[in-house]
């Protein structure tokens, strides 16, 4: 991290949820990858960060996030981070640990206020959903957005992504899409079906390829697919820890988060 004297702080109400940045960037569009089905959003976001050499430039802090520090391959990392680079149009919001549903609104609002204050025009959530075993559509990527957003974006219309008729987007991705509906920022979700309870690098690769088509990126997923077994093992351990945390939050002593 860098000199904290340059921090940009966006606060929401009295809940003290904060987006802190130690570098001034103005990403035209933002990718969001939080823990979800198959951890595909998280895996995809990490791979994009690595391939584009984006830098950790900020954090998302909230008393509603469980006090958990994450370390991956021996490296300590704040659980909710912001990545970007001055010479690139993209920014990335990534999360490593679960948080209670009561935190979703505050986190999403803080993120969208930060994005709006920095001139962001579009936010794209990468996520998975549980596949219907009766349907053979495991290699699809679905596009969800408002009709007006779709009609006004040639980059979306140029690619024939299937659009689900009915459903819902849950978790932080859903909260961010709700905030996008109420703001000038366009909200888009790319969703892929997940047929396994384990981390799914293949699903993450599908999301990256879909994003690359829309944005004209050249992100190679060969390494991601080649390291699939290693990634699965590492993230399964993290997923187990996440489940333990979630269970403790649900079943443990009341902390004002669950009733």
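The values are calculated or read from the model by the stated rules, or taken from the named source; none is laboratory data. Model, not experiment: these values are computed from the prediction. Virtual Cβ from ideal backbone geometry, glycine too; neighbours counted across all protein chains shown.
Any idea which of (1) more than 26 Å from residue 199 (Cβ to Cβ); (2) at pLDDT 90 or above is the one residue 84 doesn't satisfy? Every listed condition holds for residue 84 apart from (1).
Quick one: which residue in 161, 168 is outside any helix (DSSP H, G or I), over 16 Å from the mean Cα position of the chain (by Cα) and surrounded by 17 or more Cβ atoms within 10 Å (Cβ to Cβ)? Only one candidate passes the filter, namely 161.
Can you report the number of residues in the range 192-212 which are under 18 Å from residue 163 (Cβ atoms) and either touching a strand residue (DSSP E or B) at 6+ places or on another chain (Cβ under 9 Å) or surrounded by 22 or more Cβ atoms within 10 Å (Cβ to Cβ) (or both)?
Just the residues of the range 192-212 that are under 18 Å from residue 163 (Cβ atoms), to begin with: 192-193, 206-207, 209-211.
Within this subset, residues satisfying the condition of being either touching a strand residue (DSSP E or B) at 6+ places or on another chain (Cβ under 9 Å) or surrounded by 22 or more Cβ atoms within 10 Å (Cβ to Cβ) (or both) are 192-193, 206-207, 210-211.
Total meeting the criteria: 6.
Does residue 54 satisfy the criteria of being modelled with pLDDT of 90 or more, over 15 Å from residue 96 (Cβ atoms) and crowded, with 17+ Cβ neighbours inside 10 Å? Against the criterion (modelled with pLDDT of 90 or more, over 15 Å from residue 96 (Cβ atoms) and crowded, with 17+ Cβ neighbours inside 10 Å), residue 54 qualifies. Out of all the residues in the range 94-109, is one or more in contact with a helix residue (DSSP H, G or I) (Cβ under 6 Å, 6 or more places away or on another chain) and in a strand (DSSP E or B)? Yes.
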